[in-house]
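Asker: I have a structure I would like to understand better, so I am pasting it below and will then ask my questions one at a time.
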Amino acid sequence: MTGLTHLDDQGAARMVDVGDKPATAREAVAEGHIRLSSEALALVRDASARKGDVLAVARVAGIMAAKRTADLIPLCHPLPLSRVAIDLAVTGSGVTVRATCKTQGQTGVEMEALTAASVALLTVYDMVKAVDKAMVIEGLRVVAKSGGKSGDWTLA
């Protein structure tokens, strides 16, 4: 009906049957950024926030989130992740998060990478919100994927 794989012929939501697809190596990378005030940025950079080391906690939160993606996104398949890496970089305006997820499976890991990046960014927000109420999370997107029927893709 629509060409969207999560809709059946009548337009009802469905979980895609991936049972007949071959398992292949799959990887996805997602990134996003949170803009912070100079005061909040200093707390993050110096690991001096009252709640603790913001970057360390955000890294763990992102990893945990990737592993729980199927619990959060209704039509996602639970996947055995072989790697989740969360890289955080303090920039002049805030923190950039880059999440990489890998699996050997029948469906991609884009949603896991996006979930990991999202939760890592939300964790930064949570940990410094007492100092900066005007933080902005922006630019959340998949920047690369590999494996599967559609092959490799990188954001130009």
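The values are calculated or read from the model by the stated rules, or taken from the named source; none is laboratory data. These numbers were taken from a predicted model, which means no experiment stands behind them. As a convention, Cβ positions derive from the backbone with ideal geometry for all residues, glycine included, and neighbour counts pool all protein chains shown. Just the protein is used for accessible areas: all its heavy atoms, side chains included, with ligands, DNA and RNA removed. Shrake-Rupley method; radii C 1.70, N 1.55, O 1.52, S 1.80 Å.
Asker: Multiplying the sequence separation of Asp152 and Ala56 by 0.36 nm and subtracting their Cα-Cα distance, what value in nm do you get?
Answerer: 31.5 nm
Asker: Right, here's the next one. Can you list the HN-Hα couplings for segment 49-57, worked out from phi with the Karplus curve (6.51, -1.76, 1.60; θ = phi - 60°), rounded to whole Hz and with x for Gly and Pro?
Answerer: 5, 4, 7, x, 6, 4, 5, 5, 5
Asker: For the chain, what is the mean residue ellipticity at 222 nm derived from helices alone (per DSSP H run of n ≥ 4: -39500 (n - 2.57); sum divided by total residues; nearest 500 deg cm²/dmol)?
Answerer: Mean residue ellipticity, 222 nm, calculated: -9000 deg cm²/dmol.
Asker: For the chain, give the percent of accessible area contributed by carbon and sulfur heavy atoms, probe 1.4 Å, rounded to a whole number.
Answerer: With neighbouring chains kept in place, the figure for the chain is 56 percent.
Asker: Once you have the Cα-Cα distance between Ile73 and Ala42, take 0.36 nm times their residue separation minus that, and quote the gain in nm to one decimal.
Answerer: This chain segment gains 7.8 nm when fully extended.
Asker: Follow-up. In percent, how large is the relative contact order of the chain, given Cα pairs closer than 8 Å and 6 or more residues apart?
Answerer: Contact order relative to length: 36 percent.
Asker: With every protein chain present, what accessible area does Val60 have (1.4 Å probe, heavy atoms only), rounded to the nearest 10 Å²?
Answerer: About 80 Å², rounded to the nearest 10.
Asker: A follow-up question, please. Sorted by accessible area with a 1.4 angstrom probe, largest first, how do Thr107, Thr154 fall?
Answerer: Thr154, Thr107
Asker: Quantify how much of the Cα-Cα distance distribution of segment 115-156 extends past 17 Å, in percent.
Answerer: Value for segment 115-156: 50 percent of Cα pairs lie more than 17 Å apart.
Asker: All other residues with a Cβ under 14 Å from the Cβ of Asp53 taken together, and with Lys, Arg as +1 and Asp, Glu as -1, what is their net charge?
Answerer: +2
Asker: Would you calculate the separation in nanometres between label points at Val16 and Arg141, each defined as 7 Å from the Cα along the Cα-to-beta-carbon direction?
Answerer: 2.1
Asker: Pairs Lys21/Lys67; Lys67/Lys129; Lys51/Lys145: which are spaced more than 31 Å apart, C-alpha to C-alpha?
Answerer: Long pairs (Cα-Cα over 31 Å): Lys51/Lys145.
Asker: Could you sort Leu140, Leu79 by their accessible area in this structure, using a 1.4 Å probe and putting the largest first?
Answerer: Leu140, Leu79
Asker: For the chain, the longest stretch holding no trypsin sites (Lys or Arg not before Pro) located in a DSSP loop with at most 16 other Cβ atoms within 10 Å is which?
Answerer: 69-128
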